[in-house]
Structure formats: C-alpha cells, structure tokens
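Bear in mind that the values in this text are calculations on the coordinates, not laboratory data. Quantities reported herein were computed from a predicted structural model and do not represent experimental measurements. Cβ placement follows ideal geometry from the backbone for every residue including glycine, while neighbour counts extend to all protein chains displayed.
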Amino acid sequence: MFGTEKPLDNPLNWSFRVGRLFAIDVRVHIVFIICAIVLVWMELPSKESGLPVSWGQVLIHALGTYAILFFVVLVHEFGHCFGARYTGGEADEILLWPLGGLAYVNPPHNPTAHMITTVAGPMVNVILCMICTLVLVLWTGSLGAVPWNPLHPTTPIDPAIFPTTGQWWVMQFFGISYFLLLINLLPIFPFDGGRVVQAWLWPRKGYKASMMIATTTGMVGALLVGLVALFMEESWLLLMIAVFGYITCYQSRRTLRHEAEFGAGEFGYDFSQGYTSLNGDEAKAERRPGFFERRRARKEAVRAARETQAREEHERAVEQILQKISQTGMASLTARERRILEDETERQRTQSDDTSSH
C-alpha cells in the first residue's frame, strides 16, 4: 500500500512496503513492477523470428534474472545502511526502483563517516563476486569460467566452456553484481565512485567546494552517458540513468547555493539527494555510538540487570536462612540452604581478605 505518511506529489513516494529487516523498511517502487512486466513481454520471441513462443522459459529466465537483480541491489543498499550505522549514523529505509536502489541514511557530517557509508555498498558486490568466482572455479575447474569481460559480464572468458544450467545461473549472478559494481564505481556523482571522490576532496577543499566539483563532474558525466546511449540499441536504461544523474546533481547544486544565501538548514542525507549540511561547511557532528556499540551496550545493560537481580535474590535467601537458624537452629536447614550459607560465608571471607590486603 502507498504510505500515507509520504506526500504522493513526489514520484519517489509511489512505492509500497514489502517488509522490514534489521529495523529498516524495504519498499518497492510501483514503476519497478511495471518495468518487470514490460521486460518480460519484450523477451517473448516475435512471430517473425520463427522461434516457438515458450511462456515457461521466458518466465523462468525473466523472473530468475529479476530475482537476482532484486537481491543484489537490496544487499548493496543494506551495505550502505550498515556502513552508516557503523559510523554512528542512522538508516531506516531502502527503496528499490528501476534505476537500482536508494538507501535513506544519515551518517555523521564528516568525510570519514561519508566515505565508510559509501564504500560499504560496493564492498558487498565485491564479496558476492568473490563467492561466485570461487563457486565457478571449484565447479568447472577453470578460472576461464569466470565472466571477467565487462562488455560481456555473463559470458565465460574461455569460449571452450559450455556451462550447465546451474553454472549459467551462477554466471548470471556474477554478471549482475559485477555490472552494478562497475557502474557504481564510475567517478561520476551521484554514483558511489563520485561520492568517494567528493569525500576524498572534502577535507582538502571543504564540504561545499568538494560538492561543487563532484556535481559538476556528475553533470558532465551524465551528458556523456546520454550521448553514448544515443548510439546504442535498447539504450533506454542508460538514458534514464543520465537524466537521473543530471537532475540529482542539479538539485544538489541548488541546495548548496540556497545554503550559501540563506544559511544551512536542517537537511537530511540520503543517496538520492546528495550530501547536505546540518550546521554549515565546517560543521562537525559529534560522533554517536555506532550500531554495534549500541548493541554491545544493550547486552552489557541486560547482563548487569541480571547480575543485580541474582545478587538481590541471593541476599534475600541468606536473610531467610539466618531467620530460620534463629528460630529452629542449624539442624533444620536443607542441603540447598546449607550450600547457600556456605557460599555466602566464602564470599564474605574473600571480600574480607581483599579489603585487608589493601
């Protein structure tokens, strides 16, 4: 269902929630579903081709490929979320849409935090590619089975290798993760590569200057990608990426100019709108405990509470035993009560020895 908490006049909000994992909402844009249906229809053989129409094969291939794409993009965005949390920032939502994914995160406003948040996404793709490489090498016995060629990211380097159905799907998985990794590493803002360049320039040029350089590079890169797409077949995806990249860079530059004229406002940060400042160019957000630090702190608090409860229960038991001794004598104690009394006596003796040694 469409979220009522989000204004529907923004096309990015035309999405529905499919689940929640690690306290992060996962949403899918309605256009993502529409594109999936259109692509399945486009893969059907035409009557002019003379090929028999097999709905089963088309659906298996299309749905399998889309499932791999969905998974790879999702874990890539989770990488950004965990990177932001590791630095002490926040992450609460992921949006999957036709151009990939958007991780709505808010890392601390400093270069290191933004660099870690950005790099964490592509590192997930690197790990996935390494796993696929290991599987293919062990399965086929040849490194040539790995489709390293970026122009053919699902075809084995060794043409003599004819993959089985299972090996072909592993190559598909590798190719999708590999292709997305290469696209994201382009040093063009707003891709991850462009964000890495901006985070690297930040301490050298200042936040606003680094953003102006990154967005300028991004706008030029978007124009080049658009020109290349004009000379390619089925170039609609590249054209959409070029348009999205150009608009994102343009909006980021307008935000920077607005801050320069009227002062920095309270803008959040997400991977669709670019980095924005909370307190101006030189602001340094105080580092909050990271996600794993907060988790360890919660565990320590739970353990401390349990120890306190156990100590209080032990003290009450000892008090009850002493009252029983005063009323009925030592002979009335059970074996368990005697053991509790012996433990308390030993504890007090140890505590007394430690005090006297100091």
- Query: Which far-off residues, 5 or more places away or on another chain, put their amide H under 5 Å from the one on ASP92, with H placed in the peptide plane?
  - Reply: TYR104
- Note on the structure: Fewest to most Cβ atoms within 10 Å: SER15, SER142 sort as SER142, SER15
- Task: Arrange the following residues from fewest to most other Cβ atoms within 10 Å of their Cβ: ILE183, ILE60.
- Result: ILE60, ILE183
- Per-residue HN-Hα couplings for the range 73-81, Karplus 6.51 cos²θ - 1.76 cosθ + 1.60 at θ = phi - 60°, whole Hz, x for Gly and Pro? 5, 4, 5, 4, 5, 4, x, 4, 4
- Message: Percent of Cα-Cα pairs more than 18 Å apart in the range 156-208, please.
- Response: 53 percent
- Item | Residue exposure sequence - THR255, THR216 - by fewest surrounding Cβ within 10 Å | THR216, THR255
- Report relative contact order for the range 70-165 in percent, whole number only (criteria: Cα-Cα under 8 Å, sequence separation at least 6). 22 percent
